[in-house]
Amino acid sequence: MPSMYETIMELPLFKGIGEEQLSMMLEKTSMEFLKFEDGHIIARPEENVRAVDFILSGRVRKTYTLENFKISVDEILGKGSVLGALNLFGMETRYCASCVALGNVSLLRIEKNQYMNILQADKIYMLNFVNYLSAAAQRFPSKALKQKDPSIFRTLENLVNSFVSRSAETVILSAEPDELAKFCGTSPEKFNEWKSNALAHHYIAENHRGIILKSHHKES
């Protein structure tokens, strides 16, 4: 079983630091190790982001809801993923999604003021944070050009890319087919035809919550 040092050094915002650096940081930093049971609401939309949470074990479902359509986007996040970092600073410092524990979840939580002290302590921490923000701004390679009707897939990809992180294990679109057709600017008949073709070619899959975009799904 990895030690606490090894576990922290594997987290994306602490990559590249040595044990001596980590020891010095831990001496000066207050952290919480939290455990949540299945279904616990870790964060709600519109709550202020006051800390950075790192998933140490288990999985978290992060759900975004569109304002003008009855569509929600789920991303399933696992070990090593980060909650709250993108909205910790800047003009919008509220959660834009709900975060719910899937099964038992362990988190490492660092309050905002503590994390600010870490960023100022050594440039490696700031570099990791900048790299994290940069990776979050990048987009997944598109499979749209291989599609029979690429415009629908590209529209759904653009929707998903505007929300989810690159560390997501699975991304699920939840909505009635007619609502997705409306969002994509097409007819329900054309959308259902596209959906059947996309399922047949394994560009998407389905489960009880909705459509899984395979371009955002990490095979286990």
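The values are calculated or read from the model by the stated rules, or taken from the named source; none is laboratory data. In this text the structure is predicted, and so the values were computed from the model without any measurement. So basically every Cβ, Gly included, is an ideal-geometry build from the backbone, and we count neighbours across all protein chains shown. We work out accessible area using only protein heavy atoms, side chains counted, and drop any ligands, DNA or RNA first. Shrake-Rupley method; radii C 1.70, N 1.55, O 1.52, S 1.80 Å.
Just report the Cα centroid separation between the stretch 150-220 and the stretch 55-93, whole Å.
18
Per residue, how much accessible area does the chain have with a 1.4 Å probe, in Å²?
Heavy-atom accessible area per residue stands at 54 Å².
How far is it, in nm, from the label point at residue 37 to the one at residue 24 when both lie 7 Å from their Cα along the line to the Cβ?
4.3
Could you give the dipole magnitude of the stretch 67-194 about its Cα centre, charging the beta-carbon of Lys and Arg +1 and that of Asp and Glu -1, in debye to the nearest 20?
That gives a dipole near 440 debye.
Using Cα atoms only, what is the angle between the long axis of helix 188-200 and the major principal axis of the chain, expressed in degrees (0 to 90) to the nearest 10?
With rounding to tens, the tilt is 60 degrees.
Over what distance in Å are the Cα centres of the stretch 1-48 and the stretch 95-111 separated?
12
For the stretch 73-120, just say rounded, prolate or oblate: build the C-alpha gyration tensor, square-root its eigenvalues into a ≥ b ≥ c, call rounded for a/c under 1.5, and beyond that prolate if a/b exceeds b/c, oblate if not.
Taking the square roots of the gyration eigenvalues as a ≥ b ≥ c, the stretch 73-120 is oblate.
Under a point-charge model restricted to the Cβ atoms of Lys and Arg (+1) and Asp and Glu (-1), what is the dipole moment magnitude of the stretch 1-142 relative to its Cα centre, in debye to the nearest 20?
Dipole of the stretch 1-142, to the nearest 20 debye: 320 debye.
Return a whole-number percent for the relative contact order of the chain, with Cα pairs under 8 Å and 6 or more residues apart as the contact set.
Taking the mean separation of contacting Cα pairs over the length of the chain, I get 22 percent.
May I ask for the angle, rounded to the nearest 10°, between helix 112-121 and the longest principal axis of the chain, with both axes built from Cα atoms and the value confined to 0 to 90°?
Orientation of helix 112-121: about 70 degrees from the principal axis.
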